[in-house]
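**Student:** If you scroll down you'll find the structure; I have some questions about it.
The values are calculated or read from the model by the stated rules, or taken from the named source; none is laboratory data. What you see is a predicted model, and the numbers here were worked out from it, not measured in a lab. So basically every Cβ, Gly included, is an ideal-geometry build from the backbone, and we count neighbours across all protein chains shown.
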């Protein structure tokens, strides 16, 4: 017999909530987002608003169709997905990229799996990869930074035209990302050192005055946001650290061996979406392992994959592919890497107390 | 020496201990009636030894323990037995339990107590027996009979007697006050336990947020050697025996084992005091210190009360309730449970009575798990609560067990930190209950099966005996006929 | 072409014939071992609450699929789960009847001893002319005593809830 409705303890709580976590992540994204919006002007602002709004609307429709409580919308997870997706899009991408991407992320990437907490893959990355494969041209046309208010920057109406009427980018306004440029030039048989000498310099890349996705330009601001999240213990340190470390080490090693082809550790760290991916995307709690050792493995494997794909793959950028690939392995990692329980050894067998030693001896009972 | 790294997980809940710890232990006035449930311990119900209407003296044995794992119950005051019947249980279900109702006569006349002249001269097993007869159980809330642990300890090599004064639950300060005000008695009790167990040393562990208790215990243990008073970090659940052992000795109790496996025996400070009272003064366990606290209590403080006093009387002693409490708890907010009303009595295991206000109670609307793994980080047992809950949700109890339910101590750290407000502990309580249910059903099934087989065998035997008798009679009849004919 | 057809035909005949012979001579003549296994799980009190004459009959009905895994009230949820696992069928926990216990009305009982002679599990104690009493830990609620009682003073009632039997309820899912 039992009495329904009687709550068991604890009758205390640290007052955390999912919506606060999502809000904090959004706040941490704010600096780099604001910088990106300033750098790429009105079309970027339109794109960001449109992606976030369509993600939230799509979530609302899905919740309605699936007969789930609409107040789940308030947890902010849909907004965050949309936001992250917007940050990984080319800043002057047309409106249907934004809307289509959001619908794919929320509808297929998240709700089809059962909603928040149930998805296997990071929804934003799933949508980005889907868009990249379906619309390679639009997804690799990078606007050059043209900050708001500078001469030549599109005004509000011009911005609307670029986003909604699909005005093609004038040649002078577009360029390649550092990673893309390196890959193109390498295929033409040029030397990596020379290519980077002419086209890449570290400080602007770190501070963020370079072409690329909306949110990935300023490594400094991303780092600030990420460190803030780490300080709040909203994300764990294991994934970013192991991921960045592995990429940097592999890149440095490869650069030592063959500088003609490889760009070096700092080039990789400050280029593309690596930092954004390491701090905000791979750390998505839903799609990352739950144990410390699991997270270390996950991060390191992501880093390894990123370097391999960047160096030898056909796409210049690899964060999304690496994260998605490792997302698929998370259930396996979780199964294999469990925290050691108190009073048990790593394999889950009870410890045996040795009588006369001060140490607890591990003996397997077979 | 004691590094924090040894303690995995754990949480830092707001302590809320200041107000109740500031005031001294108050004496609870004698209530008109005392309600004594027959089961205030871990084992089977005690058996009443008195009749309705009988007059009893303070400290008189009212109910004996039927088994080793049970504890006897004594009269907390002198008076008349009004009834032996079901009374309201201090339990969230609101069910009744069998109990004895005692009407106090106000005279407080003690029965003649059997006081050992010098307990240190007595045989340890005899002392353990005295503790058993005094009805002492674990007063930290576990209510496991203290004597059972002592007797077990005499059979194992115990290196350290660990006195648990950590009191990690928020709000509670009864052990804190006890150690401050009766430090000598607690130290004496610890030495008596050491004598019973022939242990090498005594360690008194107190959380570092209780400097006054630490100082008092240090001063009281000064005259004796081999007593170490250590400050352990204030971290919930430091008061859990397994966690405290790891913190103090650096060793882990093997899964499924007891603390004696690592040469340690843990007793709560309140229990140690009760053992001292039993061995030095012959007094059975008839009273205890209870923390009365919470936002709805006017003057939160510690009260020494007779077992069986209605909860309402304790609130009255503390100035009454300011408002209708949002939640009424027995024990601390982490591992305590809801009380159905203020009419229920205080029992041996009652560490605290909390009347929590609306703002002190968390909201309980839960959301889906986002696998943030905060519960994994917080779990002091190194388990994966989210996986256990996910399996319990689909009634996969074996899966939940394999993922750590078998090691779960139900401390509530996971639910405390869960941003989705998932009632994780309730999932685990449910799973544990269902596993119990299955086990007891299987036991009954086996028992019934044995009974019916025994019955079938008996019937067959009777049948055979009858048939044999008939055959014998038949044989006899022709023989008799023959004998009649033959001469 | 023709040879291929012939070879295949021959092979078919040979293998088919072999299988037929094997089925004939190597057949397991005993009853389904599953029935035996299930029977050992059942309470064995032959109480008949399942609607079959005894536990063996119920076991074979379970194997045939004509009886539900929840058919045995004395076995309870534990048995139903084991059966569902063994037979590979889904378990409908809602179909499980709450266990019942017999209770003797002491005011009416004449101490005729008929009920405890009828009890398949010896769950009733008493003596001639004394009031009888049901042992709740042995009673399966089979209602055989009800039929035996000439005074109609035995009734089945759900078990009185006690703290020992109280369990925490499952939380409502988020």
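**Student:** Against the condition buried (at least 23 other Cβ atoms within 10 Å of the Cβ) and within 10 Å of chain B (Cβ to nearest Cβ), how does residue A:43 come out, does it pass?
**Tutor:** No, not satisfied.
**Student:** Evaluate the following for residue B:196: is it away from chain A (no Cβ under 14 Å), part of a strand (DSSP E or B) and farther than 30 Å from residue A:349 by Cα?
**Tutor:** It is false that residue B:196 is away from chain A (no Cβ under 14 Å), part of a strand (DSSP E or B) and farther than 30 Å from residue A:349 by Cα.
**Student:** Exactly one of these conditions fails for residue B:189: (1) within 19 Å of residue B:304 (Cβ to Cβ); (2) within 14 Å of chain A (Cβ to nearest Cβ). Give me its number.
**Tutor:** It is condition (2) that residue B:189 fails.
Results for (1) assigned to a loop (DSSP other than H, G, I, E, B); (2) at pLDDT 90 or above, shown as yes or no for each residue.
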| position | (1), (2) |
| --- | --- |
| B:140 | yes, no |
| B:149 | no, no |
| B:162 | no, yes |
| B:172 | yes, yes |
| B:177 | no, yes |
| B:187 | no, yes |
| B:191 | no, yes |
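**Student:** Any idea which residue in segment A:207-222 is farthest from the chain's Cα centre (by Cα), counting only those that are surrounded by 20 or more Cβ atoms within 10 Å (Cβ to Cβ) and assigned to a helix (DSSP H, G or I)? Before the answer, list the steps.
**Tutor:** Of segment A:207-222, the ones surrounded by 20 or more Cβ atoms within 10 Å (Cβ to Cβ) are A:208, A:210-219, A:221-222.
Among the residues that remain, those that are also assigned to a helix (DSSP H, G or I) are: A:219, A:221-222.
Details: A:219: 13, A:221: 15, A:222: 11 Å.
So, considering only residues that are surrounded by 20 or more Cβ atoms within 10 Å (Cβ to Cβ) and assigned to a helix (DSSP H, G or I), the one farthest from the chain's Cα centre (by Cα) is A:221.
**Student:** Do we have any residue at all in segment B:257-271 that's out of contact with any helix residue (DSSP H, G or I) (no Cβ under 9 Å at 6 or more places or on another chain), farther than 28 Å from residue B:63 by Cβ, surrounded by fewer than 24 Cβ atoms within 10 Å (Cβ to Cβ) and within 14 Å of chain A (Cβ to nearest Cβ)?
**Tutor:** yes
**Student:** Let me confirm something: among B:448, B:432, which residue is within 14 Å of another protein chain (Cβ to nearest Cβ), modelled with pLDDT of 90 or more and in a helix (DSSP H, G or I)? Reasoning before the result, please.
**Tutor:** Details: B:448 fails: modelled with pLDDT of 90 or more.
Just one listed residue meets the conditions, B:432.
**Student:** Further question: Test residue B:295 against the stated conditions and say whether it is within 21 Å of residue B:231 (Cα to Cα) and either at pLDDT 95 or above or surrounded by fewer than 23 Cβ atoms within 10 Å (Cβ to Cβ) (or both).
**Tutor:** The answer is no for residue B:295.
**Student:** Does residue B:50 fit the bill of being farther than 18 Å from residue B:347 by Cα and surrounded by 19 or more Cβ atoms within 10 Å (Cβ to Cβ)?
**Tutor:** So residue B:50 does not fit the description; no.
**Student:** If you don't mind, another one. Among the numbered criteria (1) free of Cβ contacts under 8 Å to residues at least 40 places away in the same chain; (2) under 29 Å from residue B:38 (Cα atoms), which one does residue B:298 miss?
**Tutor:** (2)
**Student:** Determine which member of the set B:141, B:94 is under 23 Å from residue B:290 (Cα atoms) and surrounded by fewer than 16 Cβ atoms within 10 Å (Cβ to Cβ).
**Tutor:** Checking each option against the conditions leaves just B:94.
**Student:** Only one residue in A:15, A:20 is assigned to a helix (DSSP H, G or I) and farther than 23 Å from residue A:135 by Cβ, so which one is that?
**Tutor:** Only one candidate qualifies: A:20.
**Student:** Under 8 Å by Cβ, and 6 or more places apart or on different chains, what pairs join a residue from segment A:337-348 that is within 7 Å of chain B (Cβ to nearest Cβ) with one that is in a strand (DSSP E or B)?
**Tutor:** Taking only residues 6 or more apart or on different chains, the pairs are A:343/A:350; A:344/A:350.
**Student:** Further question: Would you please name the residue that is farthest from the chain's Cα centre (by Cα), looking only at residues in segment B:401-419 that are without any contact (Cβ under 8 Å) to a residue 60 or more places away in the chain and facing another protein chain (nearest Cβ under 7 Å)? If you could, list the steps in order and put the result at the bottom.
**Tutor:** Residues of segment B:401-419 without any contact (Cβ under 8 Å) to a residue 60 or more places away in the chain: B:401-405, B:408, B:414-415, B:418-419.
Those left that are additionally facing another protein chain (nearest Cβ under 7 Å): B:404, B:415, B:419.
Values: B:404: 23, B:415: 22, B:419: 31 Å.
Checked segment B:401-419; the qualifying residue farthest from the chain's Cα centre (by Cα) is B:419.
**Student:** Separate question: Tell me which residues, restricted to segment B:349-399, are without any contact (Cβ under 8 Å) to a residue 24 or more places away in the chain and not in a helix (DSSP H, G or I).
**Tutor:** B:371, B:373, B:384, B:394, B:396
**Student:** Filter segment A:99-143 for residues that are assigned to a helix (DSSP H, G or I) and touching a residue at least 60 places away in the same chain (Cβ under 8 Å) and give the result. Outline the logic, then answer.
**Tutor:** Restricting attention to segment A:99-143, the residues satisfying the condition of being assigned to a helix (DSSP H, G or I) are A:99-113, A:123-134, A:136-139.
Result: A:124, A:125, A:126, A:128, A:129, A:132.
**Student:** Can you tell me which residues in segment A:116-144 are more than 29 Å from residue A:210 (Cβ to Cβ) and surrounded by 18 or more Cβ atoms within 10 Å (Cβ to Cβ)?
**Tutor:** A:116, A:117, A:119
**Student:** While we're here: Looking at (1) under 23 Å from residue B:91 (Cβ atoms); (2) away from chain A (no Cβ under 11 Å), find the lone condition where residue B:356 falls short.
**Tutor:** Only one criterion in (1) under 23 Å from residue B:91 (Cβ atoms); (2) away from chain A (no Cβ under 11 Å) is unmet by residue B:356, namely (2).
**Student:** Can you tell me which of B:312, B:276 is farther than 20 Å from residue B:63 by Cβ and without any contact (Cβ under 8 Å) to a residue 40 or more places away in the chain? Steps first, answer last, please.
**Tutor:** Details: B:276 fails: without any contact (Cβ under 8 Å) to a residue 40 or more places away in the chain.
Going through B:312, B:276 in turn, just one is farther than 20 Å from residue B:63 by Cβ and without any contact (Cβ under 8 Å) to a residue 40 or more places away in the chain: B:312.
**Student:** Further question on the same structure: Among the residues of segment C:139-169, write down those that are at the interface with chain B (Cβ under 9 Å from one of its Cβ atoms) and either over 14 Å from residue B:93 (Cβ atoms) or touching a residue at least 40 places away in the same chain (Cβ under 8 Å) (or both).
**Tutor:** Result: C:139, C:140.
**Student:** Residue check: is residue A:74 closer than 25 Å to residue A:278 by Cα and in a helix (DSSP H, G or I)?
**Tutor:** Working: closer than 25 Å to residue A:278 by Cα: no; in a helix (DSSP H, G or I): yes.
So residue A:74 does not fit the description; no.
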